Amino acid sequence: MRSPSSKHKKLPMHSTDNNITNPSPKSSLAGVEGDYVNHIKPSSRQDTIDQLDYYYGLVKRQLLRYQSPTSHLFPAKSSNTEQASIRDSIYSSAAVWSLYQAYRRLDDDRGKSYELGQSVVACMRGVLATWMRQSPKLEQWKSQHCPKLALHTVVGLHTGEEVLDYKQYNHLQMDVVCLYLLYLVQMITSGLEIIYSMEEVALIQNLVYYIERAYRTPDFGTWGRGTKYNDGNPEVSASAIGMAKAALEAVNGFNLFGERGSNYSVIYADIDAHNRNRSIFETLLPRESNTKNTDVSLLSTISYPAFATQNEELYNVTKARVVKYLKGEYGFKRFIMDGYGTEMEDNQRRYYQKGETLEFENVENEWPIFYIFFLL
């Protein structure tokens, strides 16, 4: 079910706004006081507790058991014991955080909300520590935007150190940083203490600068492959620009120390950069990019978790195009002529040959997980 605004921020209400609206002081998921379940009948209360305990078991078995005890990051696959994915770590911590929010409504949660909350804090701080080690790249990024200076999105699982250089993996994925900022704002608003020092505040401010020029920064997108042709070339995409727009709206004027902070721990975004991201994003829609007619990553941009547009007509047209071209019997294709994971793809080669994408037409893999994004 689509919400016209994000759960953690207010979006600009008119396309001619010159200011970025600050996020609301309380998210709809945060700040719930007292025992919510006490207002339910005893039998229903026990059923609710049993359901939460069931999900707690799932989270422990399927997520937290794979969290690194040293870096606190998560691998992209449970079988991968060497590399951590920043994107997957953020989504995994978001799932844990959601259950933490549910347990907070109980008067006696048997310590589970604190355990879950600290696991989330550890993961988000693990990502922060990883990017803190790469801070020299952030400084160089201010004068030159290139893949060589991109923040790494795949790092060592237990160390958080760089394991693949830019020639081995396409790290320039702007939406990963945007996703981190979006959830950071929501988690701090819910009461978690994630940022501890002014050095970390400065790093977050630099992350904001990193994404501000997304509208003119070609990147490799959500899938890390750049153009549809997977030829090693990045491109400007609507999904990355929309995520940047939403992240700038969320973080602008936000106090990273929460209610205990002062003016020195407030983050600010460039209003002009936000307006350019917004206008170019809405101009690109319903297309994803120059080479892609549409992309399933737009679902996470126009709805959960970014909710990057309030234009009802633009939202409906974009979503209809995704459904028309990408929805299949078993799930959604990532984009048209996507060869990833197909039997016809040569796994020994990183890039495709010229014209090779034509071989993947109508044989693209379908991914059931995107039904969840579609429903949200």
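The values are calculated or read from the model by the stated rules, or taken from the named source; none is laboratory data. Note that the structure is a prediction, hence the values are computed from the model and not measured. When we count neighbours, we look across all protein chains shown, and the Cβ atoms used for this are built from the backbone with ideal geometry, even at glycine. What goes into the accessible areas is simple: the full protein's heavy atoms, side chains included, and nothing from ligands, DNA or RNA. Shrake-Rupley method; radii C 1.70, N 1.55, O 1.52, S 1.80 Å.
Quick check: from the Cα gyration tensor, does region 131-184 come out rounded (a/c under 1.5), prolate or oblate?
Since a/c stays below 1.5, the shape of region 131-184 is classed as rounded.
Hey, what's the chain come to in accessible area per residue, 1.4 Å probe, Å²?
Result: 47 Å² per residue.
Taking the Cα centroid of region 106-133 and of region 286-341, what is the distance between the two, rounded to the nearest whole Å?
32 Å
When only C-alpha pairs under 8 Å and at least 6 residues apart count, what is the relative contact order of region 129-241, in percent?
Normalised by residue count, the contact order of region 129-241 is 24 percent.
Past the 30 Å Cα-Cα mark, which pairs from K60/K324; K60/K167; K167/K324; K77/K292; K245/K354; K60/K148?
K60/K324; K60/K167; K167/K324; K245/K354; K60/K148, as the Cα separations exceed 30 Å there.
Mind listing the long-range amide H neighbours of F254? Cut-off is under 5 Å, sequence gap 5 or more, other chains count too, H placed in the peptide plane at 1.01 Å from N.
I267
Checking the cross-link filter: which aspartates and glutamates have an alpha carbon closer than 18 Å to that of K112, excluding same-chain neighbours under 8 positions apart?
Excluding near neighbours in sequence, the set is E33, D35, D47, D50, D53, E193.
What ranking do 240-252, 179-191, 73-85 get when scored by the average of other Cβ atoms within 10 Å per residue, highest first?
240-252, 179-191, 73-85
Rounded to the nearest 0.05, what FRET efficiency do R260 and S143 give with R0 = 35 Å and r taken as the Cβ-Cβ distance? Could you check?
0.50
Within the accessible area of the chain, what % is carbon and sulfur when the probe is 1.4 Å and the other protein chains stay in place?
Carbon with sulfur: 50 percent of the solvent-accessible area.
Note down the net charge around E162, summing +1 for each Lys or Arg and -1 for each Asp or Glu among other residues with Cβ under 15 Å from its Cβ.
+1
Near the amide H of D219, under 5 Å away, which other amide H atoms are found, from residues 5 or more places off or on another chain, if H is placed in the peptide plane?
Under 5 Å from the amide H of D219: E235, V236, S237.
Let's test the formula: R0 of 25 Å, r as the Cβ-Cβ distance of A95 and Y166. What FRET efficiency results, to the nearest 0.05?
Efficiency computed from Cβ-Cβ geometry: 0.25.
Between 0 and 90 degrees, rounded to the nearest ten: what's the tilt of helix 198-212 against the longest Cα principal axis of the chain?
Its long axis makes an angle of about 40 degrees.
Which whole-Hz ³J(HN,Hα) couplings does region 229-243 yield from phi under the Karplus relation 6.51 cos²θ - 1.76 cosθ + 1.60, θ = phi - 60°, glycine and proline marked x?
With coefficients 6.51, -1.76 and 1.60, one gets 7, 6, 10, x, 9, x, 8, 6, 10, 5, 5, 5, 5, x, 5 Hz.
Within region 192-217, list the residues whose amide N lies under 12 Å from a label point set 7 Å along Cα→Cβ of S135.
Correct set: 197-207.
Residue by residue through region 99-110, what is 3J(HN,Hα) from phi via Karplus (6.51 cos²θ - 1.76 cosθ + 1.60, θ = phi - 60°)? Round to whole Hz and write x for glycine and proline.
Per-residue couplings from phi come out as 5, 4, 5, 5, 5, 5, 7, 8, 6, 10, 9, 6 Hz.
With a Förster radius of 25 Å, plug the Cβ-Cβ distance of N206 and E82 into 1/(1 + (r/R0)^6) and report the FRET value to the nearest 0.05.
0.30
Work out, step by step, the length gained on full extension between T70 and Y325: first 0.36 nm times the residue separation, then minus their alpha carbon distance; give nm to one decimal.
Stretched fully, the T70-Y325 segment lengthens by 87.5 nm.
List every residue whose amide H lies under 5 Å from the amide H of Q83, counting only residues 5 or more places away in sequence or on a different chain, with H placed 1.01 Å from N in the peptide plane.
Amide H neighbours of Q83: L157.
Under the definition of Cα pairs under 8 Å and six or more residues apart, what whole-number percent is the relative contact order of the chain?
Contact order relative to length: 16 percent.
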